[in-house]
Amino acid sequence: MDEPKEKKASIDPKLLKAAVEYGPIIVFFVTYWLADLYAATAAIIIATLVVLALSFLIERRLPIMPIVTGCIIIVFGGLTLWLKDETFIKMKPTIIQVIFGLVLLVGLYTKNIFLEKLLGASLKMEHQGWVLLTRRFAIFFFSMALLNEAVWRTQTTDFWVNFKVFGILVLTILFLVAQMQLLKKYLIVS
């Protein structure tokens, strides 16, 4: 007699991706408001390690962007905790945004359109559209880096935390909405 096969627990890939991308920032925000920036920094480091481990256990791979972001969180969060200096965690978004912008520009220079490689399976667009979108994203990332620097250097920590969690999200959504005309122009309709 055949034994029943063991059922595998499956997690929706979109849910896992959302947990990896937004889980640590939610943990950071909640911990900050319950405690302080140092506790929130420790919490985001732990949450990042947990979601990366879960992602690896479930998918047997780690996407490159969460690894890069996770390493920066661990290094700059660790420096924040070790040196008891808020500067490092406040610089983390700047460093991440600059890295993303530089990667996109290097890709353009080397004729590797990374956005197309990342999104091309779900979004069919003419080559020129990918080039323009990549340039715009690079400019957006550098602008966000400058904005983060201006905010953390001139505003209170409370203001910076709210900007980091909500301001960056809203500005990103507005940027994406502003790209709709470009997408319409270069979209390949099958």
- request: Test residue 93 against the stated conditions and say whether it is touching a residue at least 40 places away in the same chain (Cβ under 8 Å) and either loosely packed, with under 15 Cβ neighbours inside 10 Å or within 25 Å of residue 154 (Cα to Cα) (or both).
  value: yes
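Here is a yes/no grid of residues against (1) more than 18 Å from residue 21 (Cα to Cα); (2) in contact with a helix residue (DSSP H, G or I) (Cβ under 9 Å, 6 or more places away or on another chain); (3) without any contact (Cβ under 8 Å) to a residue 60 or more places away in the chain:
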| site | (1), (2), (3) |
| --- | --- |
| 138 | yes, yes, yes |
| 145 | yes, yes, yes |
| 155 | yes, yes, yes |
| 163 | no, yes, yes |
| 168 | no, yes, no |
| 171 | no, yes, yes |
field: Looking only at segment 13-25, and only at residues there that are surrounded by fewer than 14 Cβ atoms within 10 Å (Cβ to Cβ) and aliphatic (A, V, I, L, M), the one that is farthest from the chain's Cα centre (by Cα)
entry: 15
message: Suppose the filter is touching a residue at least 24 places away in the same chain (Cβ under 8 Å), buried (at least 19 other Cβ atoms within 10 Å of the Cβ) and among the polar types (S, T, N, Q); does residue 41 pass it?
response: yes
message: Here is a check on your reading of the model: is residue 73 assigned to a helix (DSSP H, G or I), buried (at least 17 other Cβ atoms within 10 Å of the Cβ) and not acidic (Asp, Glu)?
response: yes
message: Of the conditions (1) at pLDDT 95 or above; (2) of a type outside the set (A, V, I, L, M, F, W, C); (3) out of contact with any helix residue (DSSP H, G or I) (no Cβ under 6 Å at 6 or more places or on another chain); (4) open to solvent by less than 50 Å² (accessible area, probe 1.4 Å), residue 63 satisfies every one except a single condition; which number is it?
response: (1)
statement: The helices (runs of 4 or more DSSP H) lying wholly within segment 96-164 that contain at least 1 residues that are out of contact with any Leu (no Cβ under 6 Å at 6 or more places or on another chain) and closer than 23 Å to residue 187 by Cα are 114-119, 127-154
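Going by the conditions given, is residue 83 over 20 Å from residue 165 (Cα atoms) and modelled with pLDDT of 95 or more? Step through it out loud before you land on a result.
On the way: over 20 Å from residue 165 (Cα atoms): yes; modelled with pLDDT of 95 or more: yes.
Answer is yes for this residue.
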query: Mind checking which residues of segment 121-171 are under 19 Å from the mean Cα position of the chain (by Cα), over 30 Å from residue 29 (Cβ atoms) and surrounded by fewer than 17 Cβ atoms within 10 Å (Cβ to Cβ)?
result: 135
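The values are calculated or read from the model by the stated rules, or taken from the named source; none is laboratory data. What you are looking at is a predicted structure, and each value in this text was computed from that prediction instead of being measured. Backbone-built Cβ (ideal geometry, glycine too); neighbour counts: all protein chains shown. Ligands, DNA and RNA are stripped out before the accessible areas are found, and what is left, the full protein with its side chains, is counted by its heavy atoms. Shrake-Rupley method; radii C 1.70, N 1.55, O 1.52, S 1.80 Å.
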